[in-house]
Structure formats: structure tokens, C-alpha cells
Amino acid sequence: MTKSKLLDSIKLLPDSTIKGYSAIFFSESRLLGLLLLMVSFLDIKAGFCGVLAVFISNILALMLGFDKYKLKNGYYAFNSLLVGIGLGHTFQISTILILIIVISSMLTLFLTIGIENVLKKYGLPYLSIPFVFCMWIVFLATRHFNYIQFNEKDIFLTNQLFSFGGSWLVKIYSDLDHLPISQSLKFYFLSLGAIFFQANLIAGILISIGLLFFSRIAFSLSLIGFYSAYLFYQFTGTDVSSLGYNFIGYNFILTSIAIGSYFLIPSLYSYFWSAFILPVVVMISLSSASIFNYFQLPIFALPFNFVVLLFLYVIKSRIYPSLKLSEVAVQHNMPEKNLYFFKNSIQRFSEFYHFPISLPFLGFWKVTQGHNGEITHKGDWCHAWDFEKFDEDNKSYYNEGNDVSDYYCYNSPILAPANGFVIEIIDEVEDNIIGEANLVENWGNEIVIKHSEYLYSKISHVKLNSFKVTVGDYVKKGDILGLVGNSGRSPFPHLHFQLQATPYVGSKTLSYPISQYISENDKDYELNSFDIPNKDEEISNLQINPIIQKALKFVAGQKIKMIDVLGNPNKELEWTICNDIYNNTYFQSSQSNALAYYLNDGNAFYFKNYIGEKTDYLYNLFLALYKIPICFYKDMKITDDLPIHLIIPKWILFFQDFLAPFFVVLKSKYTLICYNMDDEISPNEIVLKATIENSIFNYKFSILNIEITLNTKGLDKIEIIRKNKRTELKCIKN
């Protein structure tokens, strides 16, 4: 390892130490980590031993070359931290204890790596299993050590407080530790403090405050978890006082938080299961305590680990997963972020699992018969469309319409709706005379294309001998397949289009959406995504605009440079286009390392997520280009929902967070209008206008106005007006 790499690695240690504390509550929050670090030092010996264990574990992970991301975020440290605090609480400080902590930290790290590699095969976390195993090993081993002594039970805590803060600190501690609160609430605080082996109310109160400000959802679940167990204790006649003097109460709290909000998306159903499963945790706590008492071993976090892992394994074994009880796919290490991001992704991208199917023609055509049609398209074949071309007078033909060649759609090219293999062609049916229909050879000339397993498209009423492809050919989306005719059950030239799960002629139809298309109504254009066109709609594939396409086509390694014209024109802003190992594409700010993840599917550009401070200029780009279609239709309006945790101020979200698993009253709406194109035939500049509106119960309380200018060179400038403050970003290189 070079000197510079070594220094960079050492710089990770402060962050990894602090996050080792917050990781106990499934968090990466530095503030929560600092608070928990402070709480651990309410018992100075235990606090010191915890820091020592974290330091040793992180140094070993660094020396052995383990994942720096996991190191930085405390994943290798939190089990060692618990071991260190537990040993510092149990034994008196001595040279032999320091040696034991060093050895135990190494053992805990090795157990962490080993258990992680076993459980990740099943998609399961290792939780605090390494801590439990290591503590058992150390407790059994130290029975043979003659030079280590147990701590007296907190007899020196008052003296420690007096030496640090005098009599006033001792009085504060005494007053807080004897608060006139209910027995259940006292046991709740003691259970929270027990996570850090603290048997006092102050620790629990401080942890609960930190938990409240870190996550309202986690805080509420800590109460639900504890009180579900507490009520079960009372209902079964179990001695509840055991919650006050042993270290098992935190099992109920951590189980509820893990199931209700961290590994599952917070919802009514996750809350239900977090409470419903608590009696199981209680029974395992009581039964395992009876067994381990025989060996004079505490059960520590065994019930929490066992129940959470078992429940997650059951959830992962479902044949029919449900969005009502959904696993967290992208972990943001904060329940609210997981929830808001999930809701936003479902709203925006829930249909993206569909194989993208386009319309099989050029220009605008009308749906003359849709699903569940008036004439055909019934029963097992109800999911299909008939398309025709119409003029401004709503006529489908010129002249008298007595000949097939009079119809606008006749002889029009038929396009492949998606990539695939041609598996069937029928090309032997003559066109009908206008007004007649061939009921024997019902489908007429047709073509079937396989796009994926259980997805085929079929196009019927093709003109005889007009096919440009043969069976076995591989076609790409937009390739010409043939020409529109009037064969089969077709009294007038039209195009029949359907999707089906099997390759046969006469197969049952599928209700399957068209991925992206434009609908027109009196020159009002609308972008439709993964939708089913309806009868009488005039629709078209997106006509790709080359200026927008060029402006929003970014490649890995590309650097975008801009200046803040009105703020600091001498300071150059730089963003780099990057790819991660999962092939996600994103902008990275050179100023703050903020990240903005995006998707370009060829039809539209979407920003998916933003990670970083809102003061970074990249945040303005994220807002401006949140959703941009790669086409331009004058005055076309695009709407989308923004994830509220990225837009709405935290102090407003604070109250929404409590209700978020059940209903969301806050909204942030993005609206884009295709405002102006300087020349329809040979454009040089396009202007798009966007607004972002925040609302509560549909009452608007914040509006942001944005103007985006694109030209033949690419992205030109972005103007943002926020509370009468105007920001103008000018591109100097793209």
C-alpha cells in the first residue's frame, strides 16, 4: 500500500468509529453515533473499552484489506463495540482486560466476516450474531483466568460523575434516575440503555431522544416493540420486573425496528408484524434464558437475532411477494428515506418491468377499436387494437373511398414493435374489396414475432406479398416488416395489433401496455407511459428530437462544466458522469461528491435519486431535469412526483414521518412544459419550463420555477427562481 493510499485509509477511521455506534440502530448518522458514543461513557470504563474495541477492529479490517465502504460505515465495528462495552461493564480495568479486548475484537471481526459470507448466500444479514458468540466464548474462557476481576455493581458511578461535574451533575443524575414516571416507561428507558449495558434512566432517555430525531418511524417502533412485549408479560402473568434488571428488553425494541422499518418498507403491515411477532421474541427470551442460566450465560441479543433472521428467511421464501409487505431493495439506512424513495419509485417506475413494446406504425393513427371492442376483440381475444389513419376532417380516405388505395393507411409501412425473432408468417390471402370481409381466413396475412418467453406480438391484415422479412429473421424495433393491406376479416384497410403469451395463430390475447406513446386531442399532446390506448385516441410513437437527444445523452467519463452567472461567475462547477458496479449511471459533483442517479431509456430522461447536500449546484440540476421526454410537442405537459424527503424542509417532514407508513399528506409535484422551439423544420434552440409545487392536503405552500435551454451543442443554461431568488447556471463545456 502506497503512502497516499495509507493516509486515505487512515482518514476513514474517525468516520468508521462514529458510525460503528449508529450502526447498532441500523443507521449511518454521525449525529446519532456521537450521541451514542457519549452515552457509552456514562460508564467511563465501558465507554473506554468500547472505543478501544472499535479502533482495534477497524485497524485490523484496514490491514487485512476489507471493503472500505463497509469499514467507513461501521459495519465491521459495531459488533466489536458491543463486545468492548460488555467486557468493560463486566470486568475491572486491568492489563489482562485490555489484552482480552484486543483478542476479542479480532475474534469478533473474524466471526463477522465468516458469518456474513455464510448468510449472504441466503440474502440475510449477520446482525449482532458475532457479538453474542464472542461474548459467550469470552465469558466461558475467563472462568479459567485467575488474574481478572469482576466489576462491583455501579458503586463508583456517583464518584465518577462528581469528579467530572461536581455535585450538580450528581444531582441531575439522581433526579433523572428517580423521575416520577410509570413503571412501564421506566422499563422502556432501561431497556434502551441496556443496549449499551447501561442500567440507568439517563442512558435510555438520551438514546430515545437521539432515536426520535434520527427517525420518527424507528422511535415509534421502539415503543411498539417494547409495549407489545410488556403487555404480553402482563397478559401471561410473567414477572415484568425482570425487564428492569436484566439485559433482554432491548431484544424487543431492536426486533420491532428491524422488522417494522429497516429490512421491510414501513407500512401498516410491517407495523402489524413488528407487534404480532413480539410474543415469539418473549417466549424465546424466556425459554432460552432458562437453558443458558444452566451454563451461567446471559442470552444477550440471541432472541432478536433468531427471530429477525427467521422472519426474513420466511419473507424471502414467499412465492407471491406483495407490495404491502415489501423488502427494502435499495437501503438508505433511514426508515423514512426507504419509505419515501419506495413510494416514489413505485409511482414512477412500477411498470418498467414490462418488456417495452412500441406502436407498429409511423405518425399519428386513431384507435378505431380497442380492448373489449364493439365488433370483434371479445372473449379470449378481447385485448387487441385496430388502427387507421385519419385526416383533419376525420376521414380515413380520400376520393370516394371505394378502392383500397383510397385509404390513407393502405400501403403504409408496418414497423417491428420491439426486437425479436419472426416465428410465423402467413402470406397467401388476397385483399378484400371495400365493404367485404373474408370470414374463413379470418386473420388474413399476418406475422408473429417472439420478443421474450411468453411475450409475442401479432400483426394482422397485411398486404399480400408485401413482407420484407422471413421466418427466422431477427428484427429490431422500427424495422419495416411489410405494408398495411385489407386481407382477412377486414372490410376497410386497417392494422390489427395484439400481444399474446403463445406463438400460435389464434392465441389468446394479453392485456399488455404500450411502453411510451404520444396521444393528441385538438393539438393538446400528452405523453403516456406503459398504458393501454383507448378507442378514438389518436396516438403516435415518440418522434425523437435530435437537440434534446444530444443534450441528454451522457457517457461515462464525460465532464459537464458550468458557472453560476449571477452568484460566482469565476468559480467553475464540474460534474463527472460515472457508472457503478451495478451499471447505475450518475453525476458526481467535484465540489462535494454529491451524486445524482439518472436513467435514459431512449424515450425520456429521468433523475432517480440524489445523495448529497441541497446547497450543492448538482441539486439544482437534479430538480431541473427531473423528467425530460426526448421529444418536443408544443405545449405538451409532463407531470411527475418528487420524493418528498429530497424537497420538503425537514422541520415540516418531522410530523409527516409519524404518519408516513399509513398515509402521506405532503406532496411535491414536478410539471414540465415544452415551451418553445425556434424553428420546427431546422431548430437550433429549445426552451422547456418546469415548476415544482409542494403541498399539504392540496394546499400549495412552496413553488419553484425553472427554465431549461438546450441548443445544438447540448445543455445551454438552467434558470431557477426560488422565493424571488434567481440562480442562472450557464454551461461552458458538455
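The values are calculated or read from the model by the stated rules, or taken from the named source; none is laboratory data. What you are looking at is a predicted structure, and each value in this text was computed from that prediction instead of being measured. Cβ atoms come from the backbone with ideal geometry, glycine included; neighbour counts cover every protein chain shown. Accessible surface areas use protein heavy atoms only, side chains included; no ligands, DNA or RNA. Shrake-Rupley method; radii C 1.70, N 1.55, O 1.52, S 1.80 Å.
Annotations
- In region 589-598 there is at least one residue that is under 30 Å from Ser220 (Cβ atoms) and out of contact with any Gly (no Cβ under 7 Å at 6 or more places or on another chain).
- Filter result for Lys389 (without any contact (Cβ under 8 Å) to a residue 60 or more places away in the chain, basic (Lys, Arg), closer than 30 Å to Gly602 by Cβ and surrounded by fewer than 22 Cβ atoms within 10 Å (Cβ to Cβ)): no
- Per the conditions (1) more than 28 Å from the chain's Cα centre (by Cα); (2) at negative phi; (3) touching a residue at least 24 places away in the same chain (Cβ under 8 Å); (4) not in a helix (DSSP H, G or I), the sole criterion not satisfied by Lys571 is (3).
Let's see how each residue does on (1) open to solvent by less than 30 Å² (accessible area, probe 1.4 Å); (2) at pLDDT below 95; (3) closer than 28 Å to Lys637 by Cα:
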{"site": "Leu495", "(1), (2), (3)": "yes, no, no"}
{"site": "Gln498", "(1), (2), (3)": "yes, no, no"}
{"site": "Thr509", "(1), (2), (3)": "yes, no, no"}
{"site": "Gln516", "(1), (2), (3)": "yes, yes, yes"}
{"site": "Asn521", "(1), (2), (3)": "no, yes, yes"}
{"site": "Asp524", "(1), (2), (3)": "no, yes, yes"}
{"site": "Phe530", "(1), (2), (3)": "yes, yes, yes"}
{"site": "Pro533", "(1), (2), (3)": "yes, no, yes"}
{"site": "Asp536", "(1), (2), (3)": "no, yes, yes"}
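- Test: residue in region 511-518 that is without any contact (Cβ under 8 Å) to a residue 12 or more places away in the chain, assigned to a loop (DSSP other than H, G, I, E, B) and either touching a Gly at 6+ places or on another chain (Cβ under 8 Å) or of a type outside the set (Gly, Ala, Ser) (or both): no
- Residue within region 44-58 that is over 32 Å from the mean Cα position of the chain (by Cα), of a type in the set (S, T, N, Q), part of a helix (DSSP H, G or I) and surrounded by 23 or more Cβ atoms within 10 Å (Cβ to Cβ) present: no
- Flag set for Ile96, criterion: open to solvent by 40 Å² or more (accessible area, probe 1.4 Å) and more than 11 Å from Cys134 (Cα to Cα).
- Residue in region 647-667 that is part of a strand (DSSP E or B), under 27 Å from Ile560 (Cα atoms) and open to solvent by less than 30 Å² (accessible area, probe 1.4 Å) present: no
- Only residues that are of a type in the set (A, V, I, L, M, F, W, C) and either at positive phi or crowded, with 17+ Cβ neighbours inside 10 Å (or both) were counted across region 578-589, and they come to 1.
Okay, residues lined up against (1) closer than 30 Å to Ile638 by Cβ; (2) at pLDDT 90 or above; (3) surrounded by fewer than 19 Cβ atoms within 10 Å (Cβ to Cβ); (4) touching a helix residue (DSSP H, G or I) at 6+ places or on another chain (Cβ under 8 Å):
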residue	(1), (2), (3), (4)
Tyr271	no, yes, no, yes
Ile291	no, yes, yes, no
Val307	no, yes, no, yes
Leu323	yes, no, yes, yes
Met334	yes, yes, no, yes
Phe341	yes, yes, no, yes
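- Taking region 461-481 as the range and being over 42 Å from the mean Cα position of the chain (by Cα) and at positive phi as the test, the residues that pass are His461, Asn465.
- Within region 362-386, the set of residues being open to solvent by 30 Å² or more (accessible area, probe 1.4 Å) and touching a residue at least 24 places away in the same chain (Cβ under 8 Å) comprises Leu362, Gly363, Phe364, Thr368, His371, Thr376, Asp380, Trp381, His383.
Let's see how each residue does on (1) closer than 19 Å to Asp406 by Cα; (2) not in a loop (DSSP other than H, G, I, E, B):
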residue: Leu464; (1), (2): yes, no
residue: Lys477; (1), (2): no, no
residue: Leu481; (1), (2): no, yes
residue: Arg489; (1), (2): yes, no
residue: Pro493; (1), (2): yes, no
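- The condition (being touching a residue at least 24 places away in the same chain (Cβ under 8 Å), out of contact with any Ser or Thr (no Cβ under 8 Å at 6 or more places or on another chain) and open to solvent by less than 50 Å² (accessible area, probe 1.4 Å)) is satisfied by just one residue among Thr108, Thr90: Thr90.
- Evaluation of Ser452 against (1) modelled with pLDDT under 95; (2) under 19 Å from Ala384 (Cβ atoms); (3) small (Gly, Ala, Ser) (one fails), failing number: (2)
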